[in-house]
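S.K.: The structure that follows is given in the form of structure tokens.
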Amino acid sequence: MTKTIIDRIDQFNKGRNPKLLKLKYKLMRSDIFSFYRGTCHLFYEDFPQDSPLNLAPSVWICGDLHLENFGSYKGDNRLVYFDINDFDEACLAPCTWDVVRFITSIFVGHHALGVNESEAPHLSNYFLDAYTNTLAKGQARSVEQETSRGLVKDLLESLKNRGRSEFLDKKTKENKGNRHLVIDNKHIAEITAAQQQRVRELIANWQPSTKYSADFLEVLDVQQRIAGTGSLGLESYIILVKGKGSPNGNYLLDLKQAQTSSLQPYLTVTQPEWETPAARVAAIQQRVQATPPALLGVIVDDSKSYVLKELQPAQDKVSLQAWSGKLGRLEKLVQTMGEITAWDQLRSGGRQGSAIADDLIKFAHSSDWRNQILDYARSYLGQVKQDYQEFCEKAPK
């Protein structure tokens, strides 16, 4: 018996927090692009096993590359970068998988860009040109303020005025010199005392391989963090720590449960034997990004594992509709995203089975795969529309 879309989505999300899963489904109903972002597993369930795109060189991929999974952050050298920023699904796979998922996101999410569906092939070709030309050069670079342009430059320049104090004030309140998290049930929700104690113990017992001391990581408050779409329903916490020794005072941390990549059932490339799902996420982020964040750690609690990150004032995304009617600004944005995708694949090459630069350069000079990607993205748009309509009609509200 063929499973319905509802069955497939429910099965994938089985075991998640019911309240947050309800919120995830609500977000997925809000528009087709949100549905696409929340159903990465459907994309790879549907991707044909006999596609010639599967024969492309294997690289470390994000796994869920789309228009919203690029953003700014501060690296451990304290410079701000713009890069791929989501590695929950990351794995070793054909380089084309990230590209075809991203191009499909342009076709599905054209309204998020504020353009007509007819502009999707045009913008897709800008991404593909940038990706191909960058890959062909075989040299990895990075995007920071001095090398950014257009909408990305606007974003990075705006971050100059964002201080830690103002950032803390948005998520916390201070009372008699002590801060606590503000529960608004939109971004932060309350957890039980038992849950708080468990997270406090996880942080206290964590042995960071960084400069952060036990005094710095002393937990002042911890609550549930509500963010993203695809990962909603998994354990996610926002943690306020003392930050002792820091000139900026208290820090905010993000502790998020990691799971096996949803791409795993469809991978034919042998994967490393990661100790935990969180170890996979952190390791791939560290080898893909030019300069990883300062605080990026893995915490294990019995059968569960979590990725620990700093929540930063410098974290943000480009407003996809801020191009003000000037199509050239949007073209530059997708060009930058294409370059970053190629740079990240080149940078992480030669590690545990990933292709070396020479293989990627040779691949860039071949041509058949470009049209195959465009044709698949165009055809799969129809499937996403059909799935989205069925989901909206039949998913529980």
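S.K.: Of everything in segment 76-115, what is aliphatic (A, V, I, L, M), touching a helix residue (DSSP H, G or I) at 6+ places or on another chain (Cβ under 8 Å), modelled with pLDDT of 95 or more and not in a helix (DSSP H, G or I)? Give them in sequence order.
M.R.: Ile84, Ala90
S.K.: A further question follows. Where the second residue is aromatic (Phe, Trp, Tyr) and the first is part of a helix (DSSP H, G or I) and lies in segment 366-379, which pairs have Cβ atoms under 6 Å and are six or more apart or on separate chains?
M.R.: If the second residue must be aromatic (Phe, Trp, Tyr), the pairs left are Ala377/Phe107.
S.K.: What are the residue pairs meeting all of these: first residue in segment 133-145, first residue outside any helix (DSSP H, G or I), second residue open to solvent by 50 Å² or more (accessible area, probe 1.4 Å) and at pLDDT below 95, Cβ atoms under 8 Å, and 6 or more apart or on different chains?
M.R.: Arg141/Thr147; Glu144/Leu79
S.K.: Would you mind stating whether Ile106 is more than 30 Å from Val269 (Cβ to Cβ) and β-branched (Val, Ile, Thr)?
M.R.: Details: more than 30 Å from Val269 (Cβ to Cβ): no; β-branched (Val, Ile, Thr): yes.
So Ile106 does not fit the description; no.
S.K.: Let me ask another. Could you please find all residues in segment 174-200 being free of Cβ contacts under 8 Å to residues at least 12 places away in the same chain and within 19 Å of Asn250 (Cα to Cα)?
M.R.: Within segment 174-200, Glu174, Asn175, Lys176, Gly177, Val182 meet the criteria.
S.K.: So how many residues does segment 161-214 have that are among the polar types (S, T, N, Q) and at positive phi?
M.R.: Within segment 161-214, the subset among the polar types (S, T, N, Q) is 161, 165, 172, 175, 178, 185, 192, 195-197, 205, 207, 209-210, 213.
Retained after the next criterion (residues that are at positive phi): 185.
Of the residues in segment 161-214, 1 are among the polar types (S, T, N, Q) and at positive phi.
S.K.: For segment 163-203, what are the residues that are open to solvent by less than 80 Å² (accessible area, probe 1.4 Å) and of a type in the set (A, V, I, L, M)?
M.R.: The answer is Leu168, Leu181, Val182, Ile183, Ile188, Ala189, Ile191, Ala194, Val199, Leu202, Ile203.
S.K.: Filter segment 121-164 down to residues that are small (Gly, Ala, Ser) and touching a Lys or Arg at 6+ places or on another chain (Cβ under 8 Å) and give me whichever is modelled with the lowest pLDDT. Steps first, please.
M.R.: Here is the first cut: in segment 121-164, the ones small (Gly, Ala, Ser) are 124, 130, 136, 138, 140, 142, 148, 150, 158, 163.
Narrowing the set further to residues that are touching a Lys or Arg at 6+ places or on another chain (Cβ under 8 Å) leaves 140, 150.
Working: Ala140: 96, Gly150: 93.
That would be Gly150.
S.K.: In segment 324-360, which residues are under 12 Å from Ala140 (Cβ atoms) and assigned to a helix (DSSP H, G or I)? Quick ask: steps written out before the conclusion?
M.R.: Initially, segment 324-360 is screened for residues under 12 Å from Ala140 (Cβ atoms), giving 339-350, 357, 360.
Glu339, Ile340, Thr341, Ala342, Trp343, Asp344, Gln345, Leu346, Arg347, Ala357, Leu360, listed by residue number.
S.K.: What pairs can you find where one residue is in segment 24-53 and within 19 Å of Ala120 (Cα to Cα), the other is among the hydroxyl-bearing types (Ser, Thr, Tyr), and their Cβ atoms are less than 7 Å apart, with a gap of 6+ or different chains?
M.R.: That search, which allows pairs on different chains as well, returns Ile32/Tyr388; Ser34/Thr229; Phe35/Tyr388; Tyr36/Ser105; Arg37/Thr229.
S.K.: Among residues belonging to segment 291-310 that are open to solvent by 40 Å² or more (accessible area, probe 1.4 Å) and in a loop (DSSP other than H, G, I, E, B), point out the one that is farthest from Arg351 (Cα to Cα).
M.R.: The qualifying residue farthest from Arg351 (Cα to Cα) is Asp302.
The values are calculated or read from the model by the stated rules, or taken from the named source; none is laboratory data. Predicted, not measured: the structure shown is a model, and the values here were computed from it. Neighbour counts are summed over all protein chains in view; Cβ atoms, including those assigned to glycine, are modelled from backbone coordinates with ideal geometry. For accessibility, only protein heavy atoms count, side chains too; no ligands or nucleic acids. Shrake-Rupley method; radii C 1.70, N 1.55, O 1.52, S 1.80 Å.
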